[in-house]
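Data first, discussion second: the structure below is written as structure tokens.
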2 protein chains.
Amino acid sequence: MVDSSPSSSTVSRTALLLLRVLTFVFLLIALILIAVAKTNDETGDKIKFSDFYTYRYTISTIIIGFVYNLLQMAFSIFTVVSGNRVLSGDGGYLFDFFGDKIISYLLISGSAAGFGLTVELRRGAPSNSFTDKAHASASLLLIGFLFTAIASTFTSFALPKKPNN
Amino acid sequence: MVDSSPSSSTVSRTALLLLRVLTFVFLLIALILIAVAKTNDETGDKIKFSDFYTYRYTISTIIIGFVYNLLQMAFSIFTVVSGNRVLSGDGGYLFDFFGDKIISYLLISGSAAGFGLTVELRRGAPSNSFTDKAHASASLLLIGFLFTAIASTFTSFALPKKPNN
């Protein structure tokens, strides 16, 4: 019975790492798509993501989420190699909990802002490679958010336990 | 020592109820503002929130958040009157946890979508009572989200405690 406990912890850590790798990959593709979308021309004007404040916000959330997941993956590798958590005690659990919570809010806000603008831009100009790429980028960001939200649920249940009232 | 535990629980329940009442009030004002914004005319055309898919999404998230907070307040009143929780055992804690988590994601997505469109609409037409009201509504929705996110942090820490691994 005592031996089965670390295995359950290892399973949830592996699941967390997998979710972070998946988020990382989806955010990377979302970043490339929105950055590449700047090459589109229309009626002589060049349209790129930086022409819109909203897409600039979306790209900022992607980059912040990307850096956070890179950091978390580095921490995981350090833990596997050294056998110790980077943040010992309750600090590590609290960092994971608040980190996942805040980053998941950031990611869904970036995705929703991107969708909110893209949907209306698309209604003005029906078919357009710029809005198609922006739409795909917001979709991938939404999937990245879903993985982070699942990770956030895991880290909520892993919070340091206080005595029940 | 035993007597101090229920008092700590009462404090966090009161804080939660306060956060829900505040969210409820801010969502109500946000709802009125975005609904009222339809009365604006410009160059002969009537512009209202339902002309934009994005604002329709924003108003949907406000209404869902509003109903959820109404339900939670009703549950709180029932608990105070009857002395029992509506959902007994772990069910109540899980309902609070997932409810607050999902509703807070919905609220920030509605607010971000509203902001994402409003910011770009404002750049096209500088001063406009319609976009001013939409902006105010998205701001109030963001404040409502912040209260729900704080409530969600409370209900994460109140999750049923499992044995530590």
### Message
Among (1) surrounded by 17 or more Cβ atoms within 10 Å (Cβ to Cβ); (2) closer than 30 Å to residue A:151 by Cβ; (3) within 18 Å of the chain's Cα centre (by Cα), there is one condition residue B:116 misses while meeting the rest; what is its number?
### Response
(3)
### Summary
Per the filter on region A:129-144, residues of a type in the set (A, V, I, L, M, F, W, C) and within 12 Å of the chain's Cα centre (by Cα) are A:138, A:140, A:141, A:142, A:143
### Selection from region B:102-130 of residues that are more than 13 Å from chain A (Cβ to nearest Cβ) and not aromatic (Phe, Trp, Tyr)
B:125, B:126, B:127, B:128, B:129
### Residues of region A:73-84 that turn out to be over 16 Å from residue A:99 (Cα atoms) and surrounded by 15 or more Cβ atoms within 10 Å (Cβ to Cβ), as a count
1
### Test: residue A:133 is of a type in the set (D, E, K, R) and away from every other protein chain (no Cβ under 12 Å)
yes
### Query
Of all residues in region A:54-93, which are within 13 Å of chain B (Cβ to nearest Cβ) and at pLDDT 90 or above?
A:54, A:55, A:56, A:57, A:58, A:59, A:60, A:61
### Query
Can you tell me which residues in region A:129-138 are surrounded by fewer than 24 Cβ atoms within 10 Å (Cβ to Cβ) and either touching a Phe, Trp or Tyr at 6+ places or on another chain (Cβ under 8 Å) or closer than 20 Å to residue A:67 by Cβ (or both)?
A:135
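The values are calculated or read from the model by the stated rules, or taken from the named source; none is laboratory data. For clarity, every value in this text was computed on a predicted model and none was experimentally measured. Positions of Cβ are backbone-derived with ideal geometry, glycine not excepted, and every protein chain shown enters the neighbour counts.
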